[in-house]
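J.: A single structure is presented below for examination.
FYI, it's all coordinate maths here, none of it is from the lab. These numbers were taken from a predicted model, which means no experiment stands behind them. Note that each Cβ is placed from the backbone with ideal geometry, even for glycine, and that neighbours are counted across all protein chains shown.
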Amino acid sequence: MQIFNNWDVVIKGWYIACSSEEIPKSKAKSLELCGQKIVIFRGQDGQIRALNAYCPHLGTDLGIGKVDGNLIRCAFHHWAFDETGMCQDIPCQSEIPTKAKVQAYATEEKYGFIWIYPEAKAPENVVDFDELKGKEIISQADTAFTRTCHHHICMMNGIDAQHLRTIHHLDIQMELSLYRSELGTQIDFTMRGQFPQTTWREKLGQKFLGSTYEYSMRYAHGCIGLLTMMKNVRLFPPLYMIYAYTPIARGKTRIQPIYVTEKRPGMMGFLVSKFLLFCTRWAYYMLRDEDGKIYDNIQFNPQLLLKIDQPLAEYMQYVNQLEPSQWSNNRGLV
């Protein structure tokens with residue numbers, strides 16, 4: 001099965017459901033995610049759980065029920081379910097049928113959001129930046145927006161070396177290096193090269209950053225992109241940005257930008273961190289709208305790839321070896 005650019009497939013991976021602050025302690029909310037109705041609730045212990053939203057009894061939406069300790073209790077007949085999806089209490093009888101259960105989903109809170117994996121257990125956590133692993137971080141979410149093409153197409157923007165010249169007027173000669181994770185769910189593209197001096201931006205970049213430029217894109221599960229800019233340059237530490245992609249309807253993708261940096265001690269450290277988040281946002285806005293109209297009007301059909309397009313071919317091969325999830329068979333996207 002071709003997975004790349006296929007609206008009928010949802011890959012096993014982490015998808016943003018909502019911000020963490022939307023689900024306070026002892027509250028529940030049901031929402032649509034990749035065509036699935038899911039209830040998210042935070043127990044008395046502060047932990048987030050996620051289940052299929054419909055009660056197996058008569059199909060009531062559990063999101064209109066209430067949280068009872070660390071259980072979610074249906075509003076209709078008060079059946080209570082735990083984080084594994086198993087029913088733990090039926091008020092009208094003591095015996096609980098073996099089929100009294102719903103699908104449970106793995107969850108993680110990271111970068112200010114609640115992420116959901118389309119199975120009860122996930123083989124790995126939400127992806128990290130290598131340089132920030134084990135460090136306390138600050139994250140800042142920008143406003144989510146939509147594109148009218150598949151997220152696999154949007155995601156290739158960061159590794160399309162040719163468009164840096166045609167759209168962004170950056171005549172940078174790029175060399176590519178690749179790394180694939182052991183599970184095959186992540187792939188890293190590192191692009192590096194020498195700054196030319198043909199445009200004012202290139203001349204300014206060489207003056208302040210040095211003669212070489214390097215950035216990397218880490219893709220996870222075909223639905224998350226981690227961009228690291230300003231690698232190994234003068235004056236600036238690296239800048240980190242996340243793009244989280246979610247298909248919300250056939251032909252429509254939601255993109256959630258998140259800026260990330262290390263949390264630094266003291267007031268001066270706080271100001272430095274805020275400044276770096278601002279710089280990340282500024283760099284992103286410098287480039288975002290220049291090619292947005294292209295991705296809103298594209299009919300992707302790669303018939304002829306050039307040597308410079310090698311990263312695009314590598315990305316398509318990577319996506320096609322990922323594993324479809326159970327959501328692929330019952331998406332509800334129209």
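J.: What is the helix-to-structure angle for 310-320, meaning the angle in degrees between its Cα long axis and the longest Cα principal axis of the chain, kept from 0 to 90 and rounded to the nearest 10?
T.: 10 degrees
J.: Could you size up the charge dipole of the chain around its Cα centre, putting +1 on the beta carbon of Lys and Arg and -1 on that of Asp and Glu, and report it in debye to the nearest 20?
T.: Working: 36 positive and 35 negative charges, 120 e Å.
The dipole magnitude comes to about 580 debye.
J.: Report the gain in length on full extension from Trp7 to Asp89: 0.36 nm times residue separation, minus Cα-Cα distance, nm rounded to one decimal.
T.: Working: separation 82, 0.36 × 82 = 29.52 nm, distance 3.88 nm.
So the extension gain works out to 25.6 nm.
J.: Once you place label points 7 Å from the Cα toward the Cβ at Leu304 and Lys27, how far apart are they in nm?
T.: The modelled label-to-label distance comes out at 5.5 nm.
J.: Using Cβ contacts closer than 10 Å as the measure, can you line up Trp327, Trp115, Trp282 from fewest to most? Don't skip to the answer; put the middle values down first.
T.: Values: Trp327 22, Trp115 26, Trp282 10.
Placing the least packed residue first, the sequence is Trp282, Trp327, Trp115.
J.: Could you tell me how many cubic angstrom of Cα convex hull volume the range 15-117 has per residue? Could the numbers behind the result be given before it?
T.: On the way: hull volume 8.7 nm³, N = 103.
Residue-normalised Cα hull volume stands at 84 Å³.
J.: Ok, one more. With no solvent and one point per C-alpha, what does the Debye sum give as log10 I(q)/I(0) for the range 253-319 at q = 0.15, 0.23 Å⁻¹?
T.: -0.76, -1.07
J.: Going by how many other beta carbons lie within 10 Å of each one, how would you line up Val67, Val319, fewest first?
T.: Lowest count first: Val67, Val319.
J.: Give the label of the value calculated from the structure for Cα extents along the principal axes in Å, choosing from (i) 61, 44, 35; (ii) 99, 39, 34; (iii) 78, 54, 35.
T.: Label (iii) holds the value from this structure.
J.: Mind pulling the angle between the C-alpha long axis of helix 266-288 and the longest principal axis of the chain? Nearest 10 degrees, somewhere in 0 to 90.
T.: Result, in degrees: 80.
J.: OK, next. By how many nm would the segment from Lys207 to Leu235 lengthen if fully extended, with 0.36 nm per residue of separation less the alpha-carbon distance? Numbers along the way, then the final one.
T.: Numbers: separation 28, 0.36 × 28 = 10.08 nm, distance 1.07 nm.
Gain on stretching Lys207 to Leu235: 9.0 nm.
J.: For the chain, take the longest principal axis of its alpha carbons; what is the angle in degrees between that and the long axis of helix 200-209, to the nearest 10 within 0 to 90?
T.: Once rounded, one gets 80 degrees.
J.: Same structure, new question: Can you tell me the alpha carbon radius of gyration of the range 130-328 divided by the globular rule-of-thumb value 2.2 N^0.38 Å?
T.: 1.05
J.: Could I ask something else about it? Using Cβ counts within 10 Å as a stand-in for footprinting exposure, how do Lys110, Lys27 rank, fewest first?
T.: Taking fewest neighbouring Cβ atoms as first place, the list is Lys27, Lys110.
J.: Which of the lysines could a cross-linker bridge to Lys66, judged by Cα under 20 Å and excluding same-chain residues fewer than eight apart?
T.: Partners within reach: Lys25, Lys27, Lys29, Lys37, Lys101.
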